[in-house]
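Scroll down for the structure; my scribbles are underneath it.
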Amino acid sequence: MDSLSSLWNAFNFMPEDQASTWAPAVDNLNALITNAAIFCTVAIVGTMLYFAVRYRRRSEDQEIAYIEHNTRLETVWTVIPSIICIFLFYFGFVTYHETRNPPANALEVNVTARKWAWTFQHSNGKTEESNLVVPLGQPVRLIMRSKDVLHSFFVPAMRIKEDVMSNMYTFTWFNPVKLGTFHIFCTEYCGKDHSAMLGSVKVVTSEEYADYLQDRGAVADTRSPAEIGKELYTNKGCNACHSLDGSRLVGPSFKSLVGSVRTFENGLPPQTADENYIRESILISQAKIVKTYPAGAMPAFEGLITDDEIEALIAFIKSQK
Ligand code: CUA
């Protein structure tokens, strides 16, 4: 039995730790695809070799039977692989769908990538480089952006990998089920120190996580992004056109904005308001005009606002439930 399991381990390329809820599903899917591929390879190549020997030409004047085609055989070799592919697609889609849709109660952490480090900011403003601390058993949604080039956030033990870009937010989420420290890699070549762009996910108990958040150290500004955003809401003049109580001013209210379905002028398809939608509406304010509101009322803030300020405003708008 021992030699069997060591043989298995030699062929198991997945990381040993299954530290998130869907790690088993990802591993099973991987094993299924790998085994299906091995089975098909052995069956096809084996049959091919057998036929090559069995039906080889035995003499110079041997007559070869003339075969046109065989409908039944062709149907079988089309239908069976199609069914296998549909099954693989189904299992893949179920897991993919799960990875795209975080639960509503997910904890949100902002991730910023740059050459060559990761920075993590929690909802109260607690910020740490390279080390992402999360509580056990709590779904965590990561809102990611890059300050420069394309990076990719990869935590093998959690089975998550997602590109990180400079012109939009990308998202991923996981539910950690194992205490401990797990590697973070950058898995998109991003320059000289790409290979050193490392970090760790530290899964702790919820008590330890609460303590971690409280310990802000010697930072100059202990406000949360939402509090900073509240100040920007007035300083940048958003308050002149966007109410917080749902009432209609020049522009749409910020109340219950995030997560709501927006409909637009100019026949653009409706969209659920997420971080990217708000970011776009600030930077390129004329891109999508909400139905019944005037075009051209809002200036574009491209070049007039920093990414950190946008993030603070998004946090503030999110807090207006
Ligand atoms: Cu960042 Cu490679």
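Where a number appears in this text, it was derived from the coordinates with a stated rule and is not lab data. None of the values given here were measured: they were computed from a predicted structure. For neighbour counting, all protein chains shown are included, and Cβ atoms are generated from backbone atoms with ideal geometry for every residue, glycine included.
Calculate how many DSSP beta bridges within segment 80-193 are antiparallel, expressed in % of all such bridges and rounded to the nearest 5. Could you put the intermediate results ahead of the total?
Details: 20 of 27 bridges.
Bridges in segment 80-193 are about 75 percent antiparallel.
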*the chain, helix-only ellipticity at 222 nm - DSSP H runs n ≥ 4, -39,500 (n - 2.57), divided by all residues, nearest 500*: -12000 deg cm²/dmol
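Please compute the Kirkwood hydrodynamic radius of segment 225-318 from all pairs of different C-alpha atoms, in Å with one decimal. Intermediate values should be presented prior to the final figure.
On the way: mean 1/r = 0.0750 Å⁻¹.
That comes to 13.3 Å for segment 225-318.
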_Most mobile listed residue (Lys291, Lys178, Lys202) in the chain, GNM with C-alpha springs under 10 Å_ = Lys291
_Partners for Lys321 among lysines (Cα-Cα distance below 17 Å; same-chain residues under 8 apart left out)_ = Lys230, Lys255
*asked:* Set the bar at 18 Å for Cα to Cα. Now go through Lys126/Lys202; Lys178/Lys318; Lys115/Lys202 and name every pair that lies beyond it.
replied: Lys178/Lys318; Lys115/Lys202
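Of the beta bridges DSSP finds with both residues in the chain, what % are antiparallel, to the nearest 5? Kindly include the intermediate steps, with their values, before the conclusion.
Numbers: 29 of 41 bridges.
The answer is about 70 percent antiparallel.
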_Please compute the length gained on full extension between Tyr96 and Val42, using 0.36 nm multiplied by the number of residues separating them and subtracting their Cα-Cα distance._
16.5 nm
*Taking Cα centroids, how far is segment 92-123 from segment 159-205 in Å?*
9 Å
*Any chance you could get the radius of gyration and Dmax over the Cα atoms of segment 107-214, in Å?*
13.0, 39
*Which value does Rg/Rh take for segment 16-112 over its C-alpha atoms, Rh per Kirkwood?*
1.26
*asked:* Can you find, among Thr34, Thr181, Gly237, the residue sitting farthest towards the positive end of the charge dipole of the chain, where Lys and Arg contribute +1 and Asp and Glu -1 at Cβ?
replied: Gly237
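Taking every pair of alpha-carbon atoms in the chain, give the share separated by more than 36 Å as a whole percent.
On the way: 19982 of 51360 pairs.
So the portion of pairs separated by more than 36 Å is 39 percent.
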*Rounded if a/c under 1.5, otherwise prolate or oblate - segment 70-126, Cα gyration tensor axes*: oblate
*asked:* Give the aspartates and glutamates whose C-alpha is closer than 19 Å to that of Lys192, dropping any in the same chain fewer than 8 places away, or say none.
replied: Asp148, Asp163
*Mind checking which helices in the chain clear 20 Å along their axis (Cα) and have mean Kyte-Doolittle hydropathy of -0.5 or more, DSSP H runs only?*
23-54, 71-100
